[in-house]
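> I'd like to ask some things about the structure below.
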Amino acid sequence: MNPNEDIIHLIYVIEMDRSLPIDSEIPPLTAKGESTLKNLEFLAKRLKFNIEGHLVQSRDIGSAIVQESFEKNINTILIELQANQINQYYPVNKTAEYLLKNSKCQVILVKPKLLNNN
């Protein structure tokens, strides 16, 4: 990856409940998404990467990411797995499974670094 030429697309998907119109504005969810993207953009810019943040509303997170990856000609998707709170097991959730099955590009699953590790 060349920091001067390649673009990192940060995609935050707000999963909309089917009882709401897809374009409904939910201020707390929008604020959380914008804050998350802002923090990630800050970290990536410190590494001198070209960054584009995208806040998307969809009925399904996985399909939104696949669609965005197709539209933006993305060649790798990186997704962080979430730990099971009981035993710190990292199951492949429905979004990761969807990406692995339906994405046309490389998908990398990442185990997050736990803050309380010694």
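FYI, it's all coordinate maths here, none of it is from the lab. Predicted model, so just to flag it, every value in this text is computed and none were measured. FYI the Cβ positions are ideal-geometry reconstructions off the backbone, even for glycines, and counts take in every protein chain you see.
> Normalized C-alpha radius of gyration of the chain, against 2.2 N^0.38 Å? Before the final figure, lay out each step's value.
Numbers: Rg = 15.3 Å, N = 118, 2.2 N^0.38 = 13.5 Å.
Ratio of Rg to 2.2 N^0.38 Å for the chain: 1.13.
> How large is log10 I(q)/I(0) at q = 0.17, 0.22 Å⁻¹ when the Debye formula is applied to the Cα atoms of the stretch 1-59, each weighted equally and without solvent?
-0.60, -0.82
> So if a site counts as exposed when it's one of the GluC sites (Glu not before Pro), its DSSP state isn't H, G, I, E or B, and it has at most 11 other Cβ atoms within 10 Å, what's the longest stretch of the chain without one? Intermediate values should be presented prior to the final figure.
Working: sites that count: Glu5, Glu25.
Answer from the scan: 26-118.
> Right, here's the next one. If you take the alpha carbon radius of gyration of the stretch 77-118 and divide it by 2.2 N^0.38 Å, what ratio comes out, to two decimals? Display every interim value, and only then the final one.
Details: Rg = 11.8 Å, N = 42, 2.2 N^0.38 = 9.1 Å.
Normalised Cα radius of gyration, the stretch 77-118: 1.29.
> Excluding His9 itself, calculate the net charge of residues whose Cβ lies under 13 Å from the Cβ of His9, where each Lys or Arg counts +1 and each Asp or Glu counts -1.
Local net charge: -4.
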